[in-house]
Each structure stands twice: as structure tokens, then as C-alpha cells.
Amino acid sequence: SEEERLKEIFQRIHFNFDKYNLTHIDKWGINQDVPKVLDGIADYMAKHPNIKIKIEGNCDERGTEAYNLALGQKRADAAKNYLVMHGISPDRIETLSNGKLKPVDPAHNEYAWAKNRNDQFVILSK
């Protein structure tokens, strides 16, 4: 279905501990080619000029609230900058940092933390 296709295209991208660079990740149960995911998002957005998104940067529970809010913003901005560099207008992309407030996995271990270090893409309008 279209809904499932959008979920696949706009999947969360993940980050290494304490980082916001967009790279391939293969550890703690996550194997993802982040630039390839972003290329797919840019391609879809280029073909659908009305779509607008919000990128929410997320962190694991370690670190202070202020530190994680700043890191989450850097993660969201990194993805936005990548999309803009690939031809997507910046006014179609909002960013927000959740810091450590919206964990995907509430457990307290490396596997949970790895899942919680992500950018989530929210489609605001189609």
C-alpha cells in the first residue's frame, strides 16, 4: 500500500553514539546505509513537490537534557542539510529536537540506546 511504501521511504535514520554524521551504521543490531535512505527521501520529495516533512532528532538517555536537545537538533539539521544539498527546498522541511524525551525502546542497554539515536521523519502534508 502507499502507506507502507511511505513508511519504508521515510524510515528513521540512525546515528552512532554522540555523533550526528550521516554514515553507514552496522552495530548494536542496526545495519543501515543512512545516505542511501536520505537519497530515497530526496528522490521521493523531488517527485512529489507538495510534500512537506518535519525531521525530529532523537537521542539516547545518556547525557544531560540540554546536551541531548542540542545533539538532537544537530541530527535533525544534518538530515535537512543533506536533503537541501540534494535539491529539496528548505522551506519544505521543519526540524525539531526531542532530545531524550521520545525513546523508541525504553530499555537501558546498548541495543535500546542505538535504536533511540535517530531522526524520525513526519509527513506534514502531501
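Using a Förster radius of 25 Å, what is the FRET efficiency between Lys47 and Lys7 based on their Cβ-Cβ separation? Nearest 0.05, please. List each step's numbers first, then the result.
Numbers: r = 17 Å, r/R0 = 0.69.
That pair, Lys47 with Lys7, gives E of 0.90.
More than 12 angstrom separation, counting every C-alpha pair in region 1-63; what % is that? List each step's numbers first, then the result.
On the way: 1438 of 1953 pairs.
For region 1-63, the fraction of Cα-Cα distances above 12 Å is 74 percent.
In this structure the amide hydrogen of Leu101, modeled in the peptide plane, comes within under 5 Å of the amide hydrogens of Cys59, none closer than 5 places in sequence on its chain. Apply the Kirkwood formula to region 67-108: the hydrodynamic radius equals the inverse of the mean of 1/r over all pairs of different alpha-carbon atoms; give it in Å with one decimal. When all Cα pairs of region 67-108 are included, the Kirkwood radius is 11.4 Å.
If you roll a 1.4 angstrom probe over the protein chains with everything in place, what fraction of the accessible area of the chain belongs to carbon and sulfur, to the nearest %?
It is 53 percent, rounded to a whole number.
Using the Karplus relation 6.51 cos²θ - 1.76 cosθ + 1.60 with θ = phi - 60°, the per-residue 3J(HN,Hα) values for region 58-70 come to 10, 10, 7, 6, 7, x, 6, 4, 5, 4, 5, 5, 5 Hz, with x marking Gly and Pro.
Among Asn68, Asn31, Asn58, the residue with the largest mean-square fluctuation in a Gaussian network model of the chain, with springs joining Cα atoms closer than 10 Å, is Asn31.
Using the Cβ of Ile9 as centre and a radius below 13 Å, the other residues enclosed give a net charge of 0, where K and R count +1 and D and E count -1. For Glu94, the amide hydrogen comes within under 5 Å of the amide hydrogens of Ile53, Lys54, Ile55, counting only partners 5 or more places away or on other chains and with H modelled in the peptide plane. For the residue pairs Lys47/Lys100; Lys27/Lys47; Lys80/Lys115, the C-alpha atoms sit more than 30 angstrom apart in Lys47/Lys100; Lys27/Lys47. Rounded to the nearest whole Hz, the Karplus-based 3J(HN,Hα) values (6.51 cos²θ - 1.76 cosθ + 1.60, θ = phi - 60°) of region 29-38 follow the sequence x, 10, 10, 8, 8, 4, x, 5, 4, 5, with x at glycine and proline. Within the shell of other residues whose beta carbon sits under 10 angstrom from the beta carbon of Val37, the net charge comes to -2, with Lys and Arg scored +1 and Asp and Glu -1.
With runs of 4+ DSSP H residues as the only contributors, calculate the mean residue ellipticity of the chain at 222 nm using -39,500 (n - 2.57) per run, divided by the residue total and rounded to the nearest 500. Working shown, then result.
Numbers: 4 runs with 50 residues, N = 126.
My calculation for the chain gives -12500 deg cm²/dmol from helical runs alone.
Rolling a 1.4 Å probe across all protein chains gives Glu3 an accessible area of roughly 110 Å². 3J(HN,Hα) couplings calculated from phi for region 95-109 with the Karplus curve 6.51 cos²θ - 1.76 cosθ + 1.60 (θ = phi - 60°) are, in sequence order, 10, 8, 9, 9, x, 9, 7, 10, x, 6, 10, x, 5, 10, 8 Hz; Gly and Pro show x.
Please compute the Kirkwood hydrodynamic radius of the chain from all pairs of different C-alpha atoms, in Å with one decimal.
Working: mean 1/r = 0.0688 Å⁻¹.
Kirkwood radius, the chain: 14.5 Å.
As a test, work out the antiparallel percent of DSSP beta bridges whose residues both lie in region 2-125, rounded to the nearest 5. Spell out each step's value before the answer.
On the way: 12 of 18 bridges.
Counting DSSP beta bridges with both partners in region 2-125, the antiparallel share is about 65 percent.
Heavy-atom accessible surface of the chain, averaged per residue, reaches 55 Å², computed with a 1.4 Å probe.
The values are calculated or read from the model by the stated rules, or taken from the named source; none is laboratory data. Here the structure is a predicted model, which is why all the values come from computation and not from measurement. When we count neighbours, we look across all protein chains shown, and the Cβ atoms used for this are built from the backbone with ideal geometry, even at glycine. Heads up: the accessible areas ignore ligands, DNA and RNA and are worked out on the full protein's heavy atoms, side chains in. Shrake-Rupley method; radii C 1.70, N 1.55, O 1.52, S 1.80 Å.
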